[in-house]
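Take a look at the structure below.
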Amino acid sequence: MNDRREEQSTSDTQSSNDPAARRLLQAWKTPTGWRYWSAVNNSEVGLWYTLTAFAFFLFGGLLALVMRIQLAVPENDFISADTYNQVFTLHGSVMMFLFAVPILEAISIMLLPEMMGARDLPFPRLSAFGFWCFVIGGVFVCGSIFFDAAPRGGWFMYPPMTTQYQDGVGVDIWLLGLSFIEIASIAAAVELIVGVLKCRPPGMRLNLIPLYAWYILVVAVMILFAFPPLIAGDVLMELERALDWPFFDASRGGDPLLWQHLFWIFGHPEVYIVFLPSIALIAMIVPTFSRTPMVGYSWVVLAAVGTGFLSFGLWVHHMFTTGLPGITIGIFSAASQAVAIPTGVQLFCFIATLLVGRVVRSVSLLFVLAGLATFIIGGLTGVMVAVAPFDYQAHDTYFVVGHLHYVLIGGTIFPIVAGFYYYYPFVTGKQLSERLGYWIFGLMFIGFNVNFFPMHLAGLQGMARRIYTYSPMLNVGWLNMISTIGAFVLASGILVFLIDVLRPKGKQPLVKRNVWNAGTLEWSGQVPDRPWGIRSIPVIESRYPLWDQDDFIAKVDAGQFYLPDAAEGLRETLVTTTVDARPIQCLRVPGPTFLTLWAAIFTGGVFIFGTFHWYVAAGLSGVLAFATIITWLWTGTSIIPEKDQKEIGLGVTLPIYVSGPNAVGWWAMFITMMGDMTAFVSLIFGYYFYWTIHEDFPPKDIAGPGTFWPLASLAAGVAAWGLTVVTKKRNSANDARGFYAASIASLVCAAVGIVALWMGIWQHDMDPTEHVYPAIVCAIALWTGLHLLVGSVMHLYCIARRLAGRMTNRFDADIVNVTLYWHFAVITIAVTALTLGLFPVAVGR
């Protein structure tokens, strides 16, 4: 990073003769010294994110080597069974939660603005907050193994093993630590969705978006719908462990299979959440080294969307052996095989592009080809386990371990390494060694296949997964020894790669601009890159503007497009329409701050102290987190500008402040609430799952909340929502008294709604520890009550903003977004009231 700052300083000096460039550079300048860690620039946060995720990858890899040493020979005692359980649980959890998803989000945060000609993503502080959450949560989870306190239940944490048969805090560390990290993932997903939809350069219509951005859009939407079910499952399991609410305890009406459903509704899309961004890297690399545009662009986009859609219909194929009905198995088996169709379309388009182009040899392309080859093998074995009769034989054997590593490493690691070689000059201005790269490729490709292919054979011979040793009578010792040798060869390749990445390159000359002769926008940046991202935001007319638009880079450098200056010394970027990318706002984004770091530390305290049941400390940390986040919002969002409009260049004038569907904040609220609603639907799914599976649910001998109180809470919630709408209208009419009166009335109604929810439970003596029925009723009521409470806090925030003159009838983004929140809140309380109050009556219980 020191090299980068020195080179950046040299380039900055070269801009000193251009006053507009100087002002722009000053506005986007990266902080120096200890304040460097307050930076929120996508280039810095993306780099920290990438390096941290890679560090977790190395840690997970070391754990894998320990496992391979243990399994190298039969009946080995290199480590104990208990230690092995901790190692293999952390290995899977680290690779899935701390590397596979985060590194692809990290790469996207770093690359996406430049790919779209944006100065930054729309919420740079949210990216920084997500990064710090990721670091704190990751260190907390990984550090547990050094205190013999790591989780032991595998990365899938099946109950009742993790609810009834594991003491200690290991499972709680997994549940709360990774839930904390999932917040970071969802925050990044919101940022990326809004970024792709609203921050494209003028002219970049949907059919001109870089394929990488399409893939990231699909993946971010998948994260939004896949992670909340796991968060809902985490909440239920932690409630069972901490408060003895028996969601998964069969003796009290619970069902362990509910966890499997919630986990795999997340878990299977997770595979494609990991796979698709890697394919996105391939989609950027292949055209560059083929010297031709991507063949079948539209087909690739449709296939990516189709893959994402189908991935949500496959989770049950992980549960074929749990006793599901035959028709269910048949449907999910067919769906699991159908996903091969869009996947194949993408692969054929890549191959066709290579065939029609003039291929230029490179290490990056070699890793792409390795990724495609190994992924095809993994995909074919995936089709095999999608066939139920074969799955019955291979389930929980090492065949599945071999299959998933071919998919995940073939589909993920090789393309990521290819991306490292491809984008390293973009980030650092220097190039990795091509000569070393061929050695690294050989070691990694050979090591990978020697490591994982024998696992298929060991599995077919009956070697079960998740075991710490095995009998010599099984005759798989030689296969395991080969796998262990392969693991170390693969590790040696990664070690050489790490040396190449980290070796000092101070004397190595800078690469030329657009070193690969690529056609996409991110390569228009100067070498070394500037913190402003792009000198002026261009008008896009092609998918490959560097190849197709005349004098493109010269015009960008000359500031002939939009926002070539920062006259007010503030950070600005463009917001455009969702479909045809017409400019609609000059968005001012906030600059460096330590608030994001403190907010992450205090939020992390809630989860970490909660893990050890230090509830006073957790509560205090929660108060500090709340105060920090309010300060962040108060000082950094919806700021009233000194003027209404600004001339952004090319004779175009745009508003600086907008609200409603044109505003990025409105989109962020909408997308966040979609994820929130998914988590709520997961809880409701749990309620109806129990009713579907268990004939005595709701049980006749256990009282429910009745009908009156849930309907009373619904009436109060609807009134609170209606008054919120009135509040927004009174604010628009600049009727201050009407605004305050409606706000306070809405607060009162929300409070009545919360009380009514709990009166039904309290009056009927519902004990959530007695049976799963009162437990799930209390969980849903708790969720809904919290949402009414949050809505009330939002009202108080708007009241304070208006009193302070920070919100007016013209500058009303806060109350507009709060009203949007209440639209979702009223749906939540309606579903809650109808489910808890009327459903038992409808089914005669």
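The values are calculated or read from the model by the stated rules, or taken from the named source; none is laboratory data. Everything quoted here is computed from the prediction, not taken from an experiment. Because the Cβ atoms are built from the backbone with ideal geometry, glycine has one as well, and the counts that use them run over all protein chains shown. Ligands, DNA and RNA are stripped out before the accessible areas are found, and what is left, the full protein with its side chains, is counted by its heavy atoms. Shrake-Rupley method; radii C 1.70, N 1.55, O 1.52, S 1.80 Å.
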Using the basic label-point model (7 angstrom from Cα toward the beta carbon), what is the residue 495 to residue 252 distance in nanometres? 5.1 nm
Equivalent ellipsoid semi-axes for the chain, as square roots of 5 times the alpha carbon gyration tensor eigenvalues: give them largest first, rounded to whole Å. 41, 39, 23
Of the options 248, 546, 258, report the single residue whose Cα projects farthest towards the positive end of the charge dipole of the chain (beta-carbon charges: Lys, Arg +1; Asp, Glu -1). 546
Enter the Cα centre distance for the pair segment 699-715 and segment 169-234, rounded to the nearest angstrom. 37 Å
Using the Karplus curve 6.51 cos²θ - 1.76 cosθ + 1.60 with θ = phi - 60°, what ³J(HN,Hα) values do you get for each residue of segment 552-565, in whole Hz, with x for Gly and Pro? 4, 5, 4, 5, 4, 5, 7, x, 7, 9, 8, 6, x, 9
Kindly report the accessible area of segment 726-844 per residue (heavy atoms of protein chains, probe 1.4 Å, no ligands, DNA or RNA), in Å². 39 Å²
Which three lengths, in whole Å and largest first, does segment 258-367 cover when its Cα atoms are put on their principal axes? 53, 22, 19
For the residue pair residue 732 and residue 165, what label-to-label distance in nm results when each label sits 7 Å from Cα along the Cα-to-beta-carbon direction? 6.0 nm
How much accessible area per residue does segment 444-527 have, counting only protein heavy atoms and a probe of 1.4 Å, in square angstrom? 46 Å²
Computed FRET efficiency, Cβ-Cβ of residue 810 and residue 481, R0 56 Å: what is it to the nearest 0.05? 0.15
Provide the per-residue ³J(HN,Hα) series for segment 771-781, in order, calculated from phi with Karplus coefficients 6.51, -1.76, 1.60 and θ = phi - 60°, each as a whole number of Hz, with x at glycine and proline positions. 7, 5, 5, x, 5, 6, 4, 5, 5, 5, 5
For the chain, with all protein chains present and a 1.4 Å probe, just round the carbon and sulfur fraction of the accessible area to a whole percent. 68 percent
Rounded to the nearest 20 debye, dipole of segment 488-564 from Cβ charges on Lys, Arg, Asp, Glu: 420 debye
Restricting to lysines and to Cα separations under 28 Å from residue 643, and discarding same-chain partners fewer than 8 apart, the set is 29, 198, 728, 729
Check residue 646: other-chain or 5+ apart residues with amide H under 5 Å from its amide H, H built from backbone geometry? 654, 656
Sequence-distant or interchain residues sharing an amide H contact under 5 Å with residue 576, placed H: which? 199, 200, 584
For segment 761-767, in residue order, the Karplus 3J(HN,Hα) values (coefficients 6.51, -1.76, 1.60; θ = phi - 60°; whole Hz; Gly and Pro = x) are 6, 5, 5, 9, 6, 6, 9
Multiply the residue separation of residue 741 and residue 321 by 0.36 nm, subtract the distance between their alpha-carbon atoms, and state the gained length in nm to one decimal. 145.3 nm
Listed by chain and number, the residues whose amide H is under 5 Å from that of residue 807, excluding neighbours fewer than 5 places away on the same chain and using placed H, are 802
State in Å² the accessible area per residue of segment 206-334; use a 1.4 Å probe, count heavy atoms of protein chains only, and round to the nearest integer. 27 Å²
Compute for segment 305-350: radius of gyration divided by Kirkwood radius, i.e. Rg/Rh, restricted to C-alpha atoms, rounded to two decimals. 1.08
Peptide ranges 240-246, 209-215 listed from the most packed, as the mean C-beta count within 10 angstrom indicates: 209-215, 240-246
If one computes the Cα centroid of segment 27-51 and of segment 386-458, what distance in Å separates the two points? 31 Å
Setting aside same-chain residues fewer than 8 positions from residue 507, which lysines have a Cα under 16 Å from its Cα? 430
Sorted by mean Cβ packing within 10 Å, highest first, what order do the peptides 718-731, 785-798 take? 718-731, 785-798
Which aspartates and glutamates have a Cα less than 15 Å from the Cα of residue 505, not counting those fewer than 8 places away in the same chain? 3, 6, 7, 434
Here, residue 393 and residue 309, labelled 7 Å along Cα→Cβ, have an inter-label distance in nm of 3.5 nm
